[in-house]
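Chemist: Sharing a structure, written as structure tokens. Questions coming.
Quick note: the coordinates plus some simple rules give every number you see, no bench work behind them. Just so it is clear, the structure is predicted and the values come from calculations on it, not from any experiment. All Cβ positions, even for glycine, are placed from backbone atoms using ideal geometry, and neighbour counts span all protein chains on display.
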Amino acid sequence: MKTRRLRRSSNNLLGLLLLPLLVLSLATGFAIWLFAALDAAVSMALIFFHAYAGLLSLPIVLAKLFSGVAAWRRRAAMEGSRGSYSRHALTMGLVVFTLSLYGSGIMMYANFTPGGNAVYKQIHLWSAILAAPLITHHLYLYLRQAVEVIDHGIAVRRTAGVRLTRGGFLYLSVAGLVAWGGFRGMAGFLESAGSEDPNDFPVTLTAGGADSPDPETWRLLVSGDVEEPLEFSFDDLRGASLERSTYSLDCVIGWSVVREWGGVPVMDFIRRTRPRGEILSAVFRSTTGYEVVLTPEVLEKAGTMVTLEVEGLPLSPEHGFPARLMAPDVIGEKCVKWLAEIEIVTES
């Protein structure tokens with residue numbers, strides 16, 4: 001009986017430790033989905049906290065799944081045919097959708113998607129939508145029990161005269177999230193500040209995979225709802241008068257670097273093609289097939305450019321050579337590397 005109570009307590013303790021990270025993941029994920037068009041710092045902050053909450057909660061989720069499924073199997077074996085089919089179905093659904101949710105998130109984060117992240121983003125979104133009510137139901141059933149277990153000291157034992165309370169666990173989980181994010185951000189800053197090579201900042205491939213276009217055959221196509229589609233070679237861009245702007249490149253996984261970027265303003269390309277109507281958006285497409293959409297407000301900002309240089313030197317291959325998109329107050333995931341096409345969308 002004591003062993004069973006301890007097993008149940010450990011499962012409840014994992015659930016309590018997971019709770020603040022789970023709430024943060026769901027809240028930021030919902031906000032990202034609701035405000036998908038945001039390009040400012042608030043969007044970057046939402047994605048940053050969503051990614052880190054997911055990463056921090058992953059080992060706890062795996063431990064809880066192992067502990068919870070083991071407890072469920074023991075209970076199902078004891079109940080036999082008397083067990084509730086609906087409860088078992090809910091448990092299995094929770095396991096399946098949780099694994100799908102975290103699996104698709106890892107695939108996007110680790111960039112195992114050479115053709116782009118569109119499929120995994122849809123899997124991630126629908127797994128979250130389907131898992132959310134199951135997670136809420138699970139928390140409703142077991143959170144009060146977990147709190148009671150912790151309050152009565154069943155799962156937490158005194159060690160060297162010290163007892164870690166429920167509040168202590170919550171504070172430690174939040175502190176761990178902040179500390180990890182701060183450490184990664186500071187590590188990226190120190191790595192950048194201590195280097196003499198302006199291209200020596202972290203390489204993060206969050207979508208679309210990597211490429212290494214041949215500058216001799218590479219072309220930038222500007223097309224869409226325009227009167228005169230244009231195509232530019234690398235020599236065409238190098239021969240243009242480059243503008244320079246200094247601002248930070250911020251990554252959702254915590255690092256940030258400040259550089260002087262040199263390139264041709266995006267609006268210069270757009271004006272030369274003579275759009276057929278009022279511009280609604282522009283699609284920036286990489287040679288890998290990865291693409292992002294920017295609004296007119298971002299396109300017209302000073303510093304939004306087809307970038308060829310960083311601190312006066314050519315971009316390195318891993319940072320998007322021969323050209324990439326750069327824009328102030330836009331997260332790194334949207335600064336398309338190995339830019340191949342700008343497609344203009346106007347009001348029809």
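Chemist: Would you kindly calculate the translational diffusion coefficient of the stretch 257-333, applying Stokes-Einstein with the Kirkwood radius from alpha carbon pairs, for 37 °C and a viscosity of 0.692 mPa s, and quote it in µm² s⁻¹ without decimals?
Modeler: 248
Chemist: Quick query: amide H of A340 versus all other amide H atoms, modeled in the peptide plane; which residues come in under 5 Å with a sequence gap of 5 or more or a different chain?
Modeler: Residues meeting the amide H criterion: R285, S286, T287.
Chemist: Also: Ranking H138, H124 by Cβ neighbours within 10 Å, fewest first, what do you get?
Modeler: In order of increasing Cβ crowding within 10 Å: H138, H124.
Chemist: Between T346 and L230, what length in nm is gained on full extension when 0.36 nm per residue of separation is reduced by their alpha carbon distance?
Modeler: Fully extending the segment from T346 to L230 adds 40.1 nm.
Chemist: Something else about it: What does the highest-first list of 305-311, 223-229 look like by mean Cβ count within 10 Å?
Modeler: Going from most to least packed, we get 305-311, 223-229.
Chemist: Hey, another quick one. Using mean Cβ contacts within 10 Å as the protection proxy, how do 318-326, 19-27 order, highest first?
Modeler: 318-326, 19-27
Chemist: If amide hydrogens are placed 1.01 Å from N in the peptide plane, which non-local residues have theirs closer than 5 Å to the one on L280?
Modeler: V345, T346, E347
Chemist: A70 versus V96, label points 7 Å from Cα toward the beta carbon: distance in nm?
Modeler: A separation of 2.5 nm, rounded to one decimal place.
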